[in-house]
Amino acid sequence: MPHSLSPEDATNSDSNPSVPVDTDKEETQTTETTLTQETAAENGDTQESESADHDMTMADVAEADTVPEVHVKPEIAAEVKLEDLFADMDSDEEFLSSTGQNLKITSSPPEAPPSPVHIGPSSRASDPEVMRSFYQRLFPWRYLFQWLNHSPTPSNDFGHREFAFTLQNDAYLRYQAFPTSDLLRKDVLRLMPSRFEIGPVYSTNPRDRKTLRKAATFKPIAKELCFDIDLTDYDDIRTCCDKANICNKCWQFITMAIKIIDVALRDDFGFKHIMWVYSGRRGAHAWVCDKKARQMDDQKRRAIAGYLEVIKGGAQSGKRVNVKRPLHSHVARSLDILKSHFQTDILHDQDPWETDEKFDHLLQLLPDKTLNEALRKKWSSSPGRASTAKWADIDALAKTGASKGLDSKALLDAKQDIVLEYTYPRLDIEVSKHLNHLLKSPFVVHPGTGRVCVPINTKTCEDFDPLGVPTVTELLQEIDEWTAPEGDNGGKTIQDWEKTSLKPYVDYFRTFVSALMRDEKDVKVKREREGADAMEF
């Protein structure tokens, strides 16, 4: 299907063909990995030059999905009727630039059609009709708009926000922007992307960037502070699964990470509005939505990311934790939280040192060679000895005087470092460092698993079951099977998502967004009052 383009894009015959994005990196996309060629500007921000701009054009998309050409006359009206908003139009004229924000458009989606969605046993998440039904009937467009807009009334916080679409043929469309959620919804239903990602708020409408005389004037100015945790980064220590596979045992690594990062962001930095989102398969994303977080530059983002980074180096780099003593309060607090997880989730469930190869790595992390040889002899004579017992053997042999010159303080420090190496969050730090990074939107469907990327309630994160998150086909079946409750519901229209197991996740998201908008409003009112007081003299 054709991509929404500005007129100059459609007529640009010099644009190079677009190159599909590598879908193996499923969780995030950076502005550095795009179809546009960009030049570096001040402060390290990635900026676009007019001469090197190679966005996907209408012809590029048409190569994969050829559709009949439809000529629609552009028209600008003072008011657009809701039923006209979702007409089957290929024209992008109504919202191709910032002028579209002058339209008086409701931000609420229309009611879903009453006809049932028939999902058979062979239906898959990748089926176009399945995804169309999901976006039409279940996706919480209104709350997504309020979350990114920070107000019920359309503003530049949403209108200048970049969206990026990954189409079914793996084409990647950058710099999409929409005045309201209705227009975003309309384009998603027209293009049917396998997923879409959210980028920063720019200094001007991303669709207008080619009309600017100076490319440097187009730059990112705000974005949530984000964190990305992926279970593949734990493959060297998790024994139950590897690669894209997960189970409830190794999901505990994500649970530990959420606990550590969340409390640090709240207690050490004073952030309040933090939303964790399941990535749909093997990880989780954090969105720090406070205004002071959104407005941070790259230098401050790097500082926070560095503060939280304890695990460094790759799996083959030997000792990966080298924290200073005495321990920083954040590290000491993390150890207190993680020590119970280490006993149950690591020693018992993962049993990381069962084999000779595995316990060799443990011995490399201990400081005393004489003690290490005594431990090696004991463990080699007891094949299959559990990791819980091996961990206890360290202190037991140390107390027997197996090593005369043992430094007990060095041994304690080494054991603390081992606990951190096996439990502390492993962050994809690049996601957090840059203002211009794109991250997968909440509530999209993971194309591999069919599961919805739902928010995680941090108060009950230990109860979150990634394998119990509903798939898109299950949700559509729930709509079919739903029956109206007996009695009068007060004339209230029941939305389709309320008929499904998606309801608690949307309710949690709605509560989170309401609290965020309330705080944003209170700050605005306070500033207005302070301004009024300053005028009195």
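The values are calculated or read from the model by the stated rules, or taken from the named source; none is laboratory data. Computed from a predicted model, the values in this text were never measured in an experiment. Cβ atoms come from the backbone with ideal geometry, glycine included; neighbour counts cover every protein chain shown. Ligands, DNA and RNA are stripped out before the accessible areas are found, and what is left, the full protein with its side chains, is counted by its heavy atoms. Shrake-Rupley method; radii C 1.70, N 1.55, O 1.52, S 1.80 Å.
At-a-glance table
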{"quantity": "Evaluation of R238 against (1) in contact (Cβ under 8 Å) with a residue 60 or more places away in the chain; (2) surrounded by fewer than 21 Cβ atoms within 10 Å (Cβ to Cβ); (3) part of a loop (DSSP other than H, G, I, E, B) (one fails), failing number", "calculated": "(2)"}
{"quantity": "Spans of helices (runs of 4 or more DSSP H) in the range 118-195 with at least 3 residues more than 19 Å from R207 (Cα to Cα)", "calculated": "128-137, 141-149"}
{"quantity": "Filtered residues of the range 130-150 (kept if aliphatic (A, V, I, L, M) and either at pLDDT 95 or above or surrounded by fewer than 23 Cβ atoms within 10 Å (Cβ to Cβ) (or both))", "calculated": "V130, L138, L144, L148"}
{"quantity": "D507 being under 23 Å from S133 (Cα atoms), in a helix (DSSP H, G or I) and charged (D, E, K, R)", "calculated": "yes"}
{"quantity": "Number of positions in the range 362-387 that are open to solvent by 60 Å² or more (accessible area, probe 1.4 Å) and not in a loop (DSSP other than H, G, I, E, B)", "calculated": "8"}
{"quantity": "Answer from I274, I254 - the residue that is touching a Phe, Trp or Tyr at 6+ places or on another chain (Cβ under 8 Å) and either crowded, with 18+ Cβ neighbours inside 10 Å or over 19 Å from I337 (Cβ atoms) (or both)", "calculated": "I274"}
{"quantity": "Candidate set: the range 254-270, residues that are assigned to a helix (DSSP H, G or I) and out of contact with any strand residue (DSSP E or B) (no Cβ under 8 Å at 6 or more places or on another chain); chosen: the one farthest from D428 (Cα to Cα)", "calculated": "D267"}
{"quantity": "Subset tally (residues that are surrounded by fewer than 20 Cβ atoms within 10 Å (Cβ to Cβ), modelled with pLDDT of 95 or more and of a type in the set (V, I, T)) for the range 186-226", "calculated": "2"}
{"quantity": "Unique match (being open to solvent by less than 40 Å² (accessible area, probe 1.4 Å) and in a helix (DSSP H, G or I)) among A284, A244, A305", "calculated": "A305"}
{"quantity": "Those residues of the range 241-268 which are touching a Cys at 6+ places or on another chain (Cβ under 6 Å) and either without any contact (Cβ under 8 Å) to a residue 12 or more places away in the chain or among the aromatic types (F, W, Y) (or both), in sequence order", "calculated": "C241"}
{"quantity": "Boolean, F512 is in contact with a His (Cβ under 9 Å, 6 or more places away or on another chain) and within 30 Å of L338 (Cβ to Cβ)", "calculated": "yes"}
{"quantity": "Criterion violated by S432 - all others in (1) polar (S, T, N, Q); (2) within 30 Å of D297 (Cα to Cα); (3) not in a helix (DSSP H, G or I) satisfied", "calculated": "(3)"}
{"quantity": "The range 447-480, residues that are within 14 Å of S133 (Cβ to Cβ) and among the acidic types (D, E)", "calculated": "E474, E478, D480"}
{"quantity": "Evaluation of S317 against (1) farther than 26 Å from C461 by Cβ; (2) open to solvent by less than 50 Å² (accessible area, probe 1.4 Å); (3) at pLDDT below 95 (one fails), failing number", "calculated": "(2)"}
{"quantity": "The range 350-361: number of residues that are closer than 23 Å to I258 by Cβ and surrounded by fewer than 19 Cβ atoms within 10 Å (Cβ to Cβ)", "calculated": "0"}
{"quantity": "Residues of the range 458-504 classified as part of a loop (DSSP other than H, G, I, E, B) and free of Cβ contacts under 8 Å to residues at least 60 places away in the same chain, total", "calculated": "14"}
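Yes or no, residue by residue, for (1) at pLDDT below 75; (2) of a type outside the set (D, E); (3) in contact with a strand residue (DSSP E or B) (Cβ under 6 Å, 6 or more places away or on another chain); (4) closer than 25 Å to Q495 by Cβ:
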{"site": "S97", "(1), (2), (3), (4)": "yes, yes, no, no"}
{"site": "K104", "(1), (2), (3), (4)": "yes, yes, yes, yes"}
{"site": "P109", "(1), (2), (3), (4)": "yes, yes, no, yes"}
{"site": "H118", "(1), (2), (3), (4)": "yes, yes, no, yes"}
{"site": "T153", "(1), (2), (3), (4)": "no, yes, no, yes"}
{"site": "H160", "(1), (2), (3), (4)": "no, yes, yes, no"}
{"site": "F163", "(1), (2), (3), (4)": "no, yes, yes, yes"}
{"site": "Q168", "(1), (2), (3), (4)": "no, yes, no, no"}
